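These notes are about the structure you will find just below.
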Amino acid sequence: MFNEERTLHKKQLLRQLSFNSVLEVDEDFDYPYYGDALLKYSNAYNSVHGYLSFVCCLCGITANILNIIVLTRKNMLSSTNAILISLAVSDIFVMSSYLPFTYHNYIRNHLREEDQFSYGWVVFILFHQHFTLVSHAISTWLTVTVAIWRLLIVRFPQNSTVWCSMARAKCAILATYLVCPIFGIPVYLSSTIIPAVSREGGIIYFVHFSNISQMHNNFLQNMFLWISSITMKLVPCVALSGISFSLIKVLYKRNLRRQRLRADVDSNSDRTTRMLLAVLILFLLTEFPSGVLTLLSGILDIDFFNHVYSNFGETMDVLALINYAINFIIYCTMSQQFRKTFSNLFLPSCFKSQTIVSASTV
């Protein structure tokens, strides 16, 4: 009975919705969904998750710092890029918190239980749980914002200078950073730190669902799942799906128009739209599965959350981290202006040599 409660505490505490962690599992636990198949998958993946996510965080933080440096140059300043800069900042927030989290829980997992689950560390876990959830929500809604921005620019170019001005972009960014923490209030109220006895008889600590969250048949706990799944996962994914379809439709019509006019050169606007479309599709691929599982966790019983959602927690984490880290590659491969600005800043000699060669060939 003690091992079952301890396992449940770990699952409910350190695997909270958006960013999770698995430390150890009781083999005698009764798993109602798919037997122990998902548990075996989780245990197998956990052996590499720490190293994979640690590398993703390091690469992602570096890549997003480069994004900020390039996008803040004078020739790159625009309302759309201002939103992309804010998106890079929120992505850095998530990965900066996840970096020590994954190092301690996965790479340094040889520590004694008293050190692995010390009070100071569990305080950080509680902070990490709240901070990453809010930062992830900010990244999600900034992605929706940049999608709306691009759709307005390509569908209503005559009004885009007014509708998508820098002032309005700053207001949208500020509103996102202020409103998303409000949606996290149920999360702040649903968690607390509890002590437990280790195998060696010492005191260890866990983050656990608070007494408040378990009142009224776990009403607050279920409300958290619904808020997370609907406002932070499904609604953004549905909105991005519709916007992405609209952008693809616009690009398709423009491509047909170019074919009729026998014009082979793409406009800079179309290249920018395709680049942002790649960002949106990548986001959907990494976030939609998490949204569906979170929604099912709110609809179904707690066993689904413990034995299905939790066993896919690390997989969904690393998908999100890859999404945060890969935008730099998309910008470099699909934006000529970004490549030129990056080359001027970090590879000036190479850029000058390429310019000389191209000039001589002309």
Report summary line: Counting only protein heavy atoms and rolling a 1.4 Å probe, one gets per residue an accessible area for the range 141-200 in Å² of 54 Å²
Query raised in the report: Under 17 Å from a point 7 Å along the Cα-to-Cβ line of Ile182: which residues of the range 71-98 have their amide N that close?
Result: none
Query raised in the report: Which entries in Lys253/Lys340; Lys74/Lys233; Lys74/Lys253 show an alpha-carbon gap greater than 31 Å?
Result: Lys74/Lys233; Lys74/Lys253
Report summary line: Diffing the range 67-74: the Karplus 3J(HN,Hα) column from phi (6.51, -1.76, 1.60, θ = phi - 60°), in whole Hz with x for Gly and Pro, holds 4, 5, 4, 5, 6, 8, 5, 4
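I want the local charge near Cys57. Using Cβ-Cβ distances under 12 Å, sum +1 for each Lys or Arg and -1 for each Asp or Glu among the other residues.
-2
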**Report entry** Accessible-area value, Leu296, 1.4 Å probe, nucleic acids and ligands omitted, Å²
**Finding:** 60 Å²
Requested in this report: Report, by chain and number, residues whose modeled amide H sits under 5 Å from the one on Ile203, excluding near sequence neighbours (fewer than 5 apart, same chain).
Outcome: Ser198
Requested in this report: Evaluate the distance, in nm, between pseudo-label points positioned 7 Å from the Cα of Gln337 and of Arg199 along their respective Cα→Cβ axes.
Outcome: 5.9 nm
Report summary line: Expected unfolding gain across Asn43-Ser246 under the 0.36 nm per residue rule, minus the alpha-carbon gap, is 69.0 nm
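For Ala167 and Val292 in the same chain, what is the full-extension length gain: residue separation times 0.36 nm, less their Cα-Cα distance, in nm?
The Ala167-Val292 span can extend by a further 41.5 nm.
The values are calculated or read from the model by the stated rules, or taken from the named source; none is laboratory data. Bear in mind that the values here come from a model prediction, so they are computed numbers and not experimental data. A quick note on method: Cβ atoms are made from the backbone with ideal geometry, for glycine too, and the neighbour counts reach across all protein chains shown. Accessible surface areas use protein heavy atoms only, side chains included; no ligands, DNA or RNA. Shrake-Rupley method; radii C 1.70, N 1.55, O 1.52, S 1.80 Å.
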